[in-house]
Amino acid sequence: MTATTLRTTPPTEDPHSASAARVAFVPAGPRRRRLDGAWWPRSRDLRAELPSLVAALDERFGRIGHLTVNNSLWPEVPRRVAVNGRTMHLGWFGAEQDPNEICVLSTRAGRWDLLVVPPETGAREAERLMASASAPDNALTARALLATVRGGGAADDRRPGEVVWETEGGATAVPA
């Protein structure tokens, strides 16, 4: 596997402990992808989950300035979360952002979109999802990747706005 998994705990500690972030990233390279990796939180409590994620992200990309999620899968989306001695700003979107993605914004490294592996996912399936999301050749969105890995076949890989655009004659319209 070419993906890298970051730990927020020293190597002598168990990487599966409650304090370790379960994240995987696409190896560094010039090509922009739909997904830049994956995160597998242990719960849907953002206040509890974000500190270890942000620590792992800070380690890899430098100081993370902002995160956004789709609010449909999180019971509570706080505007600010205390993380590592600072306040992290958290934004949320509805249909504009895939429910199974978290968007990470860093002042140094730019934007990263990570698949959010549902917390209730079993270990074997989560490993497959994380490996697929962090594969250099992955071109699927989070929704399509979840559908494919779970055996449901490929889902429509376009965001809702793209579907409306094309069904109303957008990009596929032929000039009269």
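The values are calculated or read from the model by the stated rules, or taken from the named source; none is laboratory data. Note that the coordinates shown come from a computational prediction; the quantities given were computed from them, not determined experimentally. With ideal geometry, Cβ positions are generated from the backbone for all residues, glycine too; neighbour counts draw on all protein chains shown. The area values use the complete protein model at the heavy-atom level, side chains included, leaving out ligands, DNA and RNA. Shrake-Rupley method; radii C 1.70, N 1.55, O 1.52, S 1.80 Å.
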* Asked: Given the conditions (1) closer than 20 Å to residue 124 by Cβ; (2) at pLDDT 90 or above, and given that residue 68 satisfies all but one, which numbered condition is not satisfied?
  -> (1)
* From the list 44, 80, 34, 86, which one is free of Cβ contacts under 8 Å to residues at least 12 places away in the same chain, touching a Leu at 6+ places or on another chain (Cβ under 9 Å) and among the charged types (D, E, K, R)? -> 80
* Given the structure, is residue 53 among the aliphatic types (A, V, I, L, M), open to solvent by less than 10 Å² (accessible area, probe 1.4 Å) and under 25 Å from residue 145 (Cα atoms)? -> yes
* Structure fact -> In the range 106-130, anything of a type in the set (A, V, I, L, M), out of contact with any strand residue (DSSP E or B) (no Cβ under 7 Å at 6 or more places or on another chain) and open to solvent by less than 40 Å² (accessible area, probe 1.4 Å) is listed as 126
* Structure fact -> Looking across the range 83-105 at residues that are of a type in the set (Gly, Ala, Ser) and assigned to a loop (DSSP other than H, G, I, E, B), the single one that is surrounded by the fewest Cβ atoms within 10 Å (Cβ to Cβ) is 85
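Within the range 133-143, work out how many residues are open to solvent by 40 Å² or more (accessible area, probe 1.4 Å) and assigned to a helix (DSSP H, G or I). Quick ask: steps written out before the conclusion?
Filtering the range 133-143 down to residues open to solvent by 40 Å² or more (accessible area, probe 1.4 Å) leaves 136-137, 139-140, 143.
From the residues that got through so far, the ones that are assigned to a helix (DSSP H, G or I) too are 143.
Of the residues in that region, 1 qualify.
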* Which numbered condition residue 125 fails, given (1) of a type in the set (Asp, Glu); (2) closer than 21 Å to residue 38 by Cβ; (3) at pLDDT below 90 -> (3)
